[in-house]
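The values are calculated or read from the model by the stated rules, or taken from the named source; none is laboratory data. Predicted model only: the values in this text are computed from it and were never measured. Here Cβ is always computed from backbone atoms with ideal geometry, including for glycine, and neighbour counts include all displayed protein chains. Remember, those area values only see protein heavy atoms, side chains included, never the ligands or the DNA or RNA. Shrake-Rupley method; radii C 1.70, N 1.55, O 1.52, S 1.80 Å.
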Amino acid sequence: MGQQILADFARRTHKPQTPAMIRNILKTSRTVTEGGIHLPPGVVQLSVDQYRSERVVIKIAQGLIYLDCGVHLPRENCKDIRLCIDESDVPELYSLSWQGAASKMVCVDVFSYRRFEFENLHLLSMLFWESLMFCCAFEDSNLSSE
């Protein structure tokens, strides 16, 4: 995942918010884990603010639903959100939804997603840097239960 992130940063170097974003990420870098394990040279551990990450992912999902369906769903309609590091972390309902939803590539090697409607839910699987996936479900009372 590191190569894709570095390529994405390089692509965005001329944007004004990039240096601040890189500084904030580097502030969290550690070469020794919380358990005291010293990482090999060139390997760092980054801390992630889970609450902030989930808020950003929910906003992205809201935008994708609006883009695809023209419907704004409030944050409270997000009934499930999960960070999936490995494919085995992905809940079965999301995996099954992939069969009925084509992948939409937004930016090659940076972001793609799948959105599937099931009963009264929008199921979204969002893949960042080809290795970090967030899955979330938004309830939408306008979707019909069949």
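Go through the stretch 105-127 and report how many residues are open to solvent by 30 Å² or more (accessible area, probe 1.4 Å) and either modelled with pLDDT under 90 or more than 18 Å from Cys84 (Cβ to Cβ) (or both).
Going through the stretch 105-127 one residue at a time, the tally reaches 9.
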Can you tell me how many residues within the stretch 108-128 are touching a residue at least 60 places away in the same chain (Cβ under 8 Å) and either of a type in the set (Gly, Ala, Ser) or out of contact with any Asp or Glu (no Cβ under 7 Å at 6 or more places or on another chain) (or both)? 2
If you go through the stretch 75-82 one residue at a time, do you hit one that is without any contact (Cβ under 8 Å) to a residue 12 or more places away in the chain and either open to solvent by less than 80 Å² (accessible area, probe 1.4 Å) or closer than 26 Å to Asn24 by Cβ (or both)? no
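When you look at Ser95, is it within 25 Å of Asp49 (Cβ to Cβ), of a type in the set (Ser, Thr, Tyr) and open to solvent by less than 50 Å² (accessible area, probe 1.4 Å), yes or no?
Considered against the rule, which asks whether it is within 25 Å of Asp49 (Cβ to Cβ), of a type in the set (Ser, Thr, Tyr) and open to solvent by less than 50 Å² (accessible area, probe 1.4 Å), Ser95 comes out as no.
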Consider Val90 carefully, then state whether it is touching a strand residue (DSSP E or B) at 6+ places or on another chain (Cβ under 9 Å), among the aliphatic types (A, V, I, L, M) and either surrounded by fewer than 16 Cβ atoms within 10 Å (Cβ to Cβ) or closer than 21 Å to Ile22 by Cα (or both). no
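Take the residues in the stretch 62-90 that are acidic (Asp, Glu) and part of a helix (DSSP H, G or I); name whichever of them is farthest from Ser125 (Cα to Cα). Explain how you work it out, then say what you get.
Kept after step one, since they are acidic (Asp, Glu), are these residues of the stretch 62-90: 68, 76, 80, 86-87, 89.
Within this subset, residues satisfying the condition of being part of a helix (DSSP H, G or I) are 68, 76, 87, 89.
Numbers: Asp68: 14, Glu76: 18, Glu87: 12, Asp89: 12 Å.
Once the filter is applied, the top-ranked residue is Glu76.
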All but one of (1) surrounded by 12 or more Cβ atoms within 10 Å (Cβ to Cβ); (2) within 30 Å of Leu143 (Cβ to Cβ); (3) over 19 Å from the mean Cα position of the chain (by Cα) hold for Gly70; state the number of the condition that does not hold. (1)
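May I ask you to verify whether Lys59 is part of a helix (DSSP H, G or I), of a type outside the set (A, V, I, L, M) and either open to solvent by 90 Å² or more (accessible area, probe 1.4 Å) or touching a residue at least 12 places away in the same chain (Cβ under 8 Å) (or both)?
Values: part of a helix (DSSP H, G or I): yes; of a type outside the set (A, V, I, L, M): yes; either open to solvent by 90 Å² or more (accessible area, probe 1.4 Å) or touching a residue at least 12 places away in the same chain (Cβ under 8 Å) (or both): yes.
Against the criterion (part of a helix (DSSP H, G or I), of a type outside the set (A, V, I, L, M) and either open to solvent by 90 Å² or more (accessible area, probe 1.4 Å) or touching a residue at least 12 places away in the same chain (Cβ under 8 Å) (or both)), Lys59 qualifies.
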